[in-house]
Amino acid sequence: MSELFGLSMTYIMIALLCVLAVALATVGYVLVRNRIMFMVGVRNIPRRRAQTVLIIIGLMLSTLIIATAFSIGDTVEYSITNQAYDRLHSIDEVVQAATDSENNDPFVGAGLVSPLPIPEGQAAQFTESFREMDGVDGALPLLRAPVPVSNAAKGQTEPLAILMGLDTSQMAGFESDIETTAGERVTLDALAEREIYVNEAAAEELDVAPGDVLTLYVGGEPHEFTAKAIVKDRVLTGALFGQANGLAMPLDRAQALFGREGEVDMIVVSNDGGVRAGMERSDEITDRLNEKMFGTAWQAAPSKKDVVDSASETSSFMVTFFVVLGLFSIAAGMMLIFLIFVMLAAERKTEMGMIRAVGTKRNHLVQMFMSEGMVYNVGAAAVGCLLGIAVSMVMIDIMARMFAEFDLSIRFHVTPRSLVVSYSVGVVLTFLTVTFSSWRIGALNIVSAIRDVPDPPAAHERPNDGHGLRGMLRIAKWLIVKPSTWRQWLGGAGILILAPVQAALVVVCFMAADAIYGTSAAGGVLAVLLGVIGGTFAVSAFVTLLLGLNYIFQAGTMAMVLGALLIVLGLHWEQAAPYAGGITLALLGLALTLVQLGAPNRPVFTTMGIALLVYWLLAAGAHIPPDLDGGIELFFLSGISMVLSATFVLVYNADLMLGLFTRLGAVSAGLVPSIRTAVAYPLANKFRTGMTIAMISLVMFALVMMSTMNSNFDKLFDDEDAQGGYDVVVTENPANPIADLRAALADAPPPSATATPFDPGVIARVDSLSVANGISARVSNAGGEQDFKAWPIYGLTPGFIEGNGLKFQARATGYDSDAAVWEAIAADPGLAVVDAFAIPGDGFNDPGAFSVDGIEPTDKTFDPVTLTIHDSATGRTRDITLIGVLTTRASGLYTGLFISPEAFTSTFERPESTVHFVKLNEGADANTAARGIERTLLAQGVQADSLRQLIDDFRAQSQAFLYLIQGFMGIGLFVGIAAVGVIAFRTVVERRQQIGMLRAIGYSRRAVAISFIMESSFTALLGIVSGIALALLLAYQLVNTDDFVPGGVDSFYIPWVQIVAVGGFAFLASLIMTIIPSRQASSIPIAEALRYE
Amino acid sequence: MSLSTEPAAVAAQAPAVDLIIDARDVVKTYRTDDVVVNALRGVSISVKRGEMVAIMGPSGCGKTTLLNCLSGLDSIDGGLILINGEDINKMSDNKRTEFRARQMGFVFQFYNLLPVLSAVENVELPLLVSGTKVREAREKAESALDLVSLRDWAKHKPSQLSGGQRQRVTIARALVNRPAIVWGDEPTGDLDTENASAIMDLIVGLNQRHAQTFVIVTHAPEVAARCHRIVHMKDGQIVREELLNGATR
């Protein structure tokens, strides 16, 4: 992967290495200046090996997720780029009909027929002038035609192959493009009159060997050719992207075969410098090619560079996508690191107290933990990188199978640069978390630490002197601010002043980075470094601001004020994230303030938790105003806020579950003592229990949410509406147009003597749509500066308008029913309808795709919208008025802009091809009918599919991809599982003496072990159940909003199998993590345990 | 007031039928890497039902080890220990645990209460592990707390109690099962003089009322002085015994 977020990966790597060096140097400084602190920290590592392993697991997860994302990105880029170099080979630029837009790649997803062929004489002039240009070593005119092919001897048929006709006299510069699979170069001149080259993909599909006779059907007429040789899959041998089956023959014979003498479809240009190096000058050469063609209807495009750039963008998107999906896991991982260090500090509290007592300072403790953490860190990140590669290899293997049918060969590839970046990000992230944790735990009361008793409460007692107004004012002041002396005020102000200073440094760093980026390689590195430093200052400024405010203000008041500020900003910007975040913060602040005033914790935090849960659920369901905008960030914010709220409710009320557990225990009296201790400990350690519940809950929430939303989205297409009232779609081959499908079926000879003839009687109705050429057809919102973009455009036919069963999710004002829309379109050629995907929504949208302005996904009615359609081949433009938006269900198959027959003809003249929609009689099988139609119209090369089958295949593919994503997100579960393990190991150590006592008073080994297992189960179960419940509640609210699908879903679908599988796995894994420590606990020698201090 | 005798002679004179604890030639050796520590070197001791015995001696003489071995908390390398006539070292771990739960109570120097449970919950634990029903266990635990004058503190967690109160909770926990023997390892070691005296008053009172056997390891002469007999140990052996407070063999 060469770029991320628009920045060079090399620069990012160098900058991160600098930051890594700073982190390592910090620990190096400790080693040199305070060797004893370093050694104290490091020598703790081998003390408990099992615990060390768990800590490494906890610390490596962030790196694992990042390394996996980068490896996938590298692989995707490598695979697409490799295919681009392999297929385009010598071709660097392509000249064809001008498209008036950036998207004009002739080999990727566009039309198969050139909308504006180049007259051969014109092409000859072009090629001659091109070849004279500096940097160009070849220019070749070619004809490209789709054609059905069969290999009668082997009984194999392929409805679509691309036949390339190449001018043999102008092959200079492209000699290496046509070579046999054995690597032997061959020339088209070597082909006899009825011979043809077959590419590898077509040979495999049709089971062709050299010497086999192939039948090509042109205009329904068979033409036989002998396969001279099997050649490599290249664009010049008909292998496009996504459609690899191809054939090649000399240009003149191809022209004669298709009756297209005197014209070519395009000219391909090869630059000096070979397959890869030639691309470097592509932009400059493209400009000069276009200068040569200035004023004509044709233009050049840097095709190879476009594909390679697009590969880089795709891989960058994949990395971002996977990192974003992994954010929950990364957040949970950082929580785990914090928890681990808090627990380590708790274990060593007495030691730390002693260390402080003999004269060391707080920062020495920070150095001690930082050193230990860094040693874990450098090892854990390396393990994380290696495991990330392993995980990505598994994922890529699955992806390779999924993408195989899309003609993309995915091969694992990871660059050392990506590994260095993953490692550095992992180490730096962990270093920052460890440093923060160390700083937090360094603040201890020496006496309490030595005696291993809780720290005394902070000295911010409620003032009780003064009465009346004065007393109230004193209490109000106490509620708002902490300082009681000028010295304390100045201290707080001093910290606060640092925040704007750092903010100024952020601006300076970013401005300097912006100024020097792109000036040179060194400038690029320096710019990224400045960006990282600026980012660090930004984080530091934010933390400093919070610290300063926390120094001066009481936490509750501060949270309420910040919350109120966010609410105002959210309303001002009309953004839901700051508004909802503000509500959350304000309620949290209110709870803290009430507790500060002396209100009991349980009712306050329970009420706050429930209130926040209700708020988030109602807001997600659009049940409460205001209606604000929001994107993917709301998913994270809602997840974290709801998990936090539920965790508060659970940890402050879990003792109520004690009754339930005890009743459960009553069934087996022997379990009661185990249950008693199993529940009591987690309840007593609220912070630790809460963190663990939150970690597990967060990851479960993300997984269940993803799974439930996807399942409900998938169910949308499990509906007859998705088929639009038809059963079979028949796509014709552009080389063999079919004007009347019924007639063609009736006239066609039986496919073979033995095959069952297709019975046209099963057909109830046939309607059709005209397809505009994908290369030249464009659409834009009307008015202003028009930005024409590619989007499928179909010409409706009277039959389709009358016979379709498509429904609308939104209609223009004045149209009261779906029928009214269709009637209007039949009557007024200026009207049109569009699919739901052309209406932009929230989430991952392709900014390069066409989208309609003026209609929201939630609209049920809208003011008619004017669009402009354009055909670069004819040069015509026309305005049309949009009056309907198809349902999401139907948009899966019917994606595009549907215009009247008159508007189509007047703009595009003729269709590239026609798609026929067949409605079958009751009881007829769509798959059987599709196979029958395809077999009967073999000579025409039609492709017939059951619409239901297409939908099911699409659903299966998207589900498979989503399972893959869920599997990736599931890595985060290991964070929760590791947390359960870490805590279980720690508790055995912490409670050694208590275990001895329990054994002394009569707890059997089994009772001790069960108690430990139940304790971990209790925590894991709370996290799992809370994550599942929150996700299902939120998903229920979301799928019933108009944002998901107008009108909401008919019924809410819960993917229980997936949920139970994931929840069960998490629970079992947590149990397994507890088995070893529980066995340790049960086998502790009693007398030894009682002596333990 | 006291009568000194040689330990071997005392053991030989002990009438077997009256004994609740009968230990003979008990040997316990600890091995760590290259270091071998002979903690008990053929100790013989017998205790009558209802007797209060103090074990004294310098640090490292084997007092706590002897208590741990006698109570079945630790295994022995040689000799014989009979509790109520049963050889506890021949019992399986489960049976020994059950035996401990029904026959013994423990009072430790540092209380060893579970910090996450309230006083009454701590006290009822031995009942629950013995299979007593939850409600009955709670009633008995409250009665036991009543016995040590802590009924009003039943719902408090150990961290909310003073040292003396915690030790009384420990005593309530030790007595709640009405065990035949209560083992005390420095029960007043972490208390001031006043609290220590109060705890000993309580223990002596309970011993007199319920005729339970107490074996107490202590450094404190004033604690030992409240017992019927003092057993002095040195270097893993009993070197001397004293009969006190009118006790007879």
(request) Just need the relative contact order of chain A here, percent rounded to a whole number, with Cα pairs under 8 Å and 6+ apart. (result) 15
(message) Taking the Cα centre as origin and putting +1 on Lys and Arg beta-carbons and -1 on Asp and Glu beta-carbons, what dipole magnitude results for chain A, to the nearest 20 debye?
(response) 9160
(message) Among A:Gly138, A:Ser484, A:Phe917, whose Cα projects farthest towards the positive end of the dipole of the protein assembly as shown, with charges put on the beta-carbon of Lys, Arg (+1) and Asp, Glu (-1)?
(response) A:Ser484
(request) Give me a single rounded figure for A:601-607: the average over its residues of other chain Cβ atoms within 10 Å of their Cβ. (result) 0
(request) Kindly provide the trypsin sites (Lys or Arg not before Pro) of segment A:908-982 that DSSP labels as loop, not H, G, I, E or B, and whose Cβ sees at most 13 other Cβ atoms within 10 Å. (result) none
(request) Check cross-link reach from A:Lys807 to the lysines: straight Cα distance under 30 Å, and skip same-chain residues fewer than eight apart. (result) A:Lys715, A:Lys789, A:Lys860, A:Lys919
(request) Check cross-link reach from B:Lys90 to the lysines: straight Cα distance under 20 Å, and skip same-chain residues fewer than eight apart. (result) B:Lys28
(request) Would you mind ranking B:Asp201, A:Asp871, A:Asp835 by Cβ crowding within 10 Å, fewest neighbours first? (result) B:Asp201, A:Asp835, A:Asp871
(message) Report the gain in length on full extension from A:Ser129 to A:Asn363: 0.36 nm times residue separation, minus Cα-Cα distance, nm rounded to one decimal.
(response) 76.8 nm
(message) Let me check against my output: what whole-number percent is the relative contact order of chain B, with C-alpha pairs under 8 Å and at least 6 apart?
(response) 30
(request) Would you please state the base-10 log of I(q)/I(0) at q = 0.21 1/Å for segment B:121-249, with intensities from the Debye formula using one equal scatterer on every alpha carbon? (result) -1.25
(message) Only sites in a loop by DSSP and with at most 16 other Cβ atoms within 10 Å count here; which GluC sites (Glu not before Pro) in segment A:139-202 make the cut?
(response) A:Glu184, A:Glu193
(request) Compute the signed sum of charges (Lys and Arg +1, Asp and Glu -1) over the other residues within less than 10 Å, Cβ to Cβ, of A:Glu195. (result) +2
(request) Just round it to a whole percent: the fraction of Cα-Cα distances in segment A:720-952 exceeding 25 Å. (result) 42
(message) Need one number: % antiparallel among DSSP beta bridges in chain B, to the nearest 5.
(response) 60
(message) Give me the inter-chain shielding for B:42-52: mean count of other chain Cβ atoms within 10 Å, whole number please.
(response) 0
(request) Provide the per-residue ³J(HN,Hα) series for segment A:955-968, in order, calculated from phi with Karplus coefficients 6.51, -1.76, 1.60 and θ = phi - 60°, each as a whole number of Hz, with x at glycine and proline positions. (result) 5, 5, 5, 5, 5, 4, 5, 5, 4, 4, 5, 5, x, 5
(request) Taking a cut-off of 24 Å between Cα atoms, list the lysines near A:Lys686, but don't count ones fewer than 8 places away on the same chain. (result) A:Lys349, B:Lys155, B:Lys157
(request) May I ask you to derive the relative contact order of segment A:93-301, considering only C-alpha pairs under 8 Å and at least 6 residues apart, and to give it as an integer percent? (result) 32
(request) Take every residue in peptide B:97-103, count the Cβ atoms of other chains within 10 Å of its Cβ, and give the average of those counts. (result) 4
(request) Compute the acute angle (0 to 90°) between the alpha-carbon long axis of helix A:282-292 and the principal axis of greatest extent of the alpha-carbon atoms of chain A; round to the nearest 10°. (result) 30
(message) Just to confirm the number: angle between the C-alpha axis of helix A:1056-1082 and the first principal axis of chain A, 0 to 90 degrees, nearest 10?
(response) 40
(request) Indicate, rounded to the nearest 5 percent, the antiparallel portion of the DSSP beta bridges found entirely in the protein assembly as shown. (result) 75
(message) Using a 7 Å offset from the Cα along the Cα-to-Cβ direction at both A:Phe1065 and A:Met511, what is the distance between the two label points in nm, to one decimal?
(response) 5.1
(request) For A:Leu479, put the label point 7 Å out on the Cα→Cβ axis and report which residues of segment A:552-583 keep their amide N under 15 Å from it. (result) A:554-561
(message) Above 30 Å lies some portion of the pair distances; for segment B:3-243, what is it as a whole percent of all C-alpha pairs?
(response) 25
(request) Working from Cα positions, state the angle (0 to 90°, nearest 10) between the long axis of helix A:362-403 and the longest principal axis of chain A. (result) 30
(request) Taking the Cα atoms of chain A, report the difference between the largest and smallest coordinate on each principal axis, in whole Å and largest first. (result) 102, 63, 62
(request) Take the alpha carbon atoms of segment B:50-108, find their center, do the same for segment A:568-642, and report the distance between the two centers in whole angstrom. (result) 60
(request) Could you tell me which of B:Ile203, B:Ser143, B:Ile238 has its Cα farthest along the dipole of segment B:3-243 towards the positive end, charges placed at Cβ (Lys, Arg +1; Asp, Glu -1), taken about the Cα centre? (result) B:Ser143
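Values quoted throughout were computed directly from the atomic coordinates according to the rules given, and no laboratory measurement underlies them. What you see is a predicted model; the values in this text were computed from it and never measured. Here Cβ is always computed from backbone atoms with ideal geometry, including for glycine, and neighbour counts include all displayed protein chains.
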